[in-house]
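As C-alpha cells, the structure follows; a few thoughts come after it.
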Amino acid sequence: MSDEMPKNEEEWKKQLTSEQYRVLREGGTERAFTGEYWDNHEDGTYHCAGCGLALFESSTKFDSGSGWPSFYQPAKDGSVETETDTSHGMVRSEVLCGRCQGHLGHVFPDGPNPTGLRYCINSASLKLEES
Ligand code: FE
C-alpha cells in the first residue's frame with residue numbers, strides 16, 4: 001500500500017470498495033458474523049484498510065461472541081483515537097484510525113484482562129498482514 005493518502009472523498013471512493021467506504025468514511029457498520037475477520041485466527045498484524053497504519057496485533061484478538069473482530073488493545077499508542085458517539089440513542093466511544101481518521105468501530109469497557117477493553121472493529125476497516 002502506498003503512503004499517499006487520498007485527499008478528498010472522490011479519491012477515497014476510488015481507492016476503497018463500496019463496503020470499505022461505507023464503514024471507514026461514512027461510519028457504517030457491517031452486519032455481525034458477515035465480515036472477513038470475526039472468526040479469523042491467523043497470526044499477523046491488522047492494518048487500516050484505508051491508509052495502511054498498523055492498528056491491532058492478532059495476539060490481542062479474542063472471541064467476543066459479537067460477530068465482529070474484537071481486540072483488547074491497539075498495536076501502539078496513537079494507532080487509534082476515540083471520540084464520543086451519541087448516535088442511535090446511545091453514548092458510545094467511537095474508534096478511529098490514528099492516521100486517516102477512518103471509522104473503525106467502538107470500544108466498550110467489558111473486555112478481558114489485562115485492559116478490560118473490547119475494541120469491536122469492522123472487518124471492512126481492516127486488512128490482515130499475516131506473519
Ligand atoms: Fe487509516
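Each reported figure results from applying straightforward, stated rules to the coordinates on display, with no laboratory input. Remember, predicted model here, so these are calculated numbers, not experimental data. All Cβ positions, glycine included, derive from the backbone under ideal geometry; neighbour counts span all protein chains shown.
Under 6 Å between Cβ atoms, which residue pairs at least 6 apart in sequence (or on different chains) link something in the range 19-43 that is within 16 Å of the ligand (Cβ to nearest atom) with a partner that is of a type in the set (Phe, Trp, Tyr)?
Listed pairs, sorted by first residue: Arg25/Trp12.
Here's a check for you: in the range 83-125, which residue that is within 15 Å of Thr60 (Cα to Cα) and of a type in the set (Val, Ile, Thr) is farthest from the chain's Cα centre (by Cα)?
Thr115
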